[in-house]
Amino acid sequence: MTAPEASTTAVGPVLFFDGECGLCTRFVRMLLKLDREGMHGLRFAPLQGTTAQAYLRRHGLPTEDFATLVFASDWPRSAAAPALRTDGAIASLRAIGRPGWATLVSLFPRGVRDALYRMVARNRLRLFPSGPVNPAADARSARRFLP
């Protein structure tokens, strides 16, 4: 079975992430490694890119605050509400067929998870410096990224 193409017209899950954050790119690399063949159709786009910016505007989300993960389950339709912060991470894990990991993270109450997330997010660029990095390690992964 071949991996789905990352076309801009196919409906499916997309994780929008801070493309300049070392921690965010590490999380995306982890997801790519866990779903090496792309069998689950999860695609990625940096929050600074045109795809994410259009999505954020359509959902009334900040277009200049990159301290969050935004998971869209049905991009580009965008009918479903996005999952933010730790809910976005959990939804991403579920999207790649890792419900056990998602359940483990979701054992902690959202308020606790998101408080810790916000604390790390405020310091992420200092703690996890990277500059703009494409987390796609190879051509097979690169096709899963949207502009």
Checklist entry - Within segment 107-124, can you find the residues that are in contact with a Leu (Cβ under 9 Å, 6 or more places away or on another chain) and outside any loop (DSSP other than H, G, I, E, B)? => result Asp114, Tyr117, Val120, Ala121, Arg124
Item to check | Enumeration of residues in segment 77-106 that are of a type in the set (Ser, Thr, Tyr) and either under 12 Å from the mean Cα position of the chain (by Cα) or in a helix (DSSP H, G or I) (or both) | outcome: Thr86, Ser92, Thr103, Ser106
Next on the checklist: Looking at Glu20 and the list (1) surrounded by fewer than 20 Cβ atoms within 10 Å (Cβ to Cβ); (2) more than 17 Å from Pro147 (Cα to Cα); (3) touching a residue at least 24 places away in the same chain (Cβ under 8 Å), which single condition is not satisfied?
Outcome noted: (2)
Checklist outcome for this item: Per the filter on segment 26-76, residues more than 12 Å from the chain's Cα centre (by Cα), of a type in the set (Ser, Thr, Tyr) and surrounded by fewer than 21 Cβ atoms within 10 Å (Cβ to Cβ) are Thr50, Thr63
Next on the checklist: Can you list residue pairs whose Cβ atoms sit under 7 Å apart, with the first residue in segment 77-105 being crowded, with 19+ Cβ neighbours inside 10 Å and the second being outside any helix (DSSP H, G or I) and of a type in the set (Ser, Thr, Tyr)? Count only pairs 6 or more apart in sequence or on different chains.
Outcome noted: Arg85/Thr68; Ala91/Ser73
Checklist entry - If a residue has to be closer than 16 Å to Val11 by Cα and free of Cβ contacts under 8 Å to residues at least 12 places away in the same chain to count, how many in segment 49-76 make the cut? => result 1
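Since every read-out is calculated from the coordinates, none of them should be taken as a lab result. As the structure is a prediction and not an experimental result, all values here were calculated from the model. Heads up, the Cβs are rebuilt from the backbone with ideal geometry, glycines too, and the neighbour counts pull from every protein chain shown.
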